[in-house]
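Down below is the structure, laid out as structure tokens.
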């Protein structure tokens, strides 16, 4: 079974690529953000560990994670952030491994892993190939301004807070450019599969 990790910076269009893949093929997509939420849902091991380390006040009256309070704690204390990551990351990895084992045992030949921080968290070893979605900076700036209703200056700052595309490109196996329309993007994905995965090219119609 082959696992392709899909990633991309803010406003690159990674989520659109994932939607195209979901629409056009029957291969499963594992969502890293969904796993992170699942790792700290009520009555989970992860949430109990957070309560043990940070205190019961990190839970609300429903027994759910008080994300705003925990966010304030880790924003002001680097050690607290490291402690939180040391709890959440292993739980996410455990859930990820369970899904991978399930798909492999059921004869699935290809899985996509939607992981925004694939390179930042050094998770390349969890996948067989990495697919990076990129777009020109000016296009990304305009997308952020339109999507979030923010100034150009803030849009630039949001991009600058992340690892640069140049750094990611050095580590990526597959580059998907997303500077045009959705049809252009679909074609770019199809070109990739035609060239590198000819047996799977039919999946993009």
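Structure above, values below:
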quantity: For region 34-107: rounded, prolate or oblate by the Cα gyration tensor [a/c cutoff 1.5]; calculated: prolate
quantity: Share, in percent, of DSSP beta bridges within the chain that are antiparallel, nearest 5; calculated: 5 percent
quantity: Length added when fully stretched, residue 51-residue 98, from 0.36 nm per residue minus Cα-Cα; calculated: 14.5 nm
quantity: Helix 14-24 vs. the chain, principal-axis angle (Cα, 0 to 90°, nearest 10); calculated: 60 degrees
quantity: Fewest-first ranking of 117, 35, using other Cβ atoms within 10 Å as the exposure measure; calculated: 117, 35
quantity: For the chain: rounded, prolate or oblate by the Cα gyration tensor [a/c cutoff 1.5]; calculated: oblate
quantity: Gained length - residue 175 relative to residue 154, 0.36 nm times residue gap less alpha-carbon distance; calculated: 4.9 nm
quantity: Ranked packing of 14-24, 151-161, most packed first, by mean Cβ within 10 Å; calculated: 14-24, 151-161
quantity: Degrees separating the helix 45-54 axis from the principal Cα axis of the chain, which is the longest one; calculated: 50 degrees
quantity: Anisotropy class of region 70-192 from Cα gyration tensor, a/c 1.5 cut; calculated: oblate
quantity: Relative contact order of the chain, defined on C-alpha pairs under 8 angstrom at six or more residues apart (%); calculated: 35 percent
quantity: Nearest 10 degrees, 0 to 90: helix 67-76 Cα axis against the chain principal axis; calculated: 90 degrees
quantity: Computed [θ] at 222 nm, helices only, for the chain once each DSSP H run of length n ≥ 4 contributes -39500 (n - 2.57); calculated: -16500 deg cm²/dmol
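Readers should treat all values here as calculations from the given coordinates under stated rules, not as data from a laboratory. The shown structure was predicted, so the numbers you read here are calculated from the model rather than taken from an experiment. Counting neighbours? That spans all protein chains shown, and the Cβs are built from the backbone with ideal geometry, glycine included.
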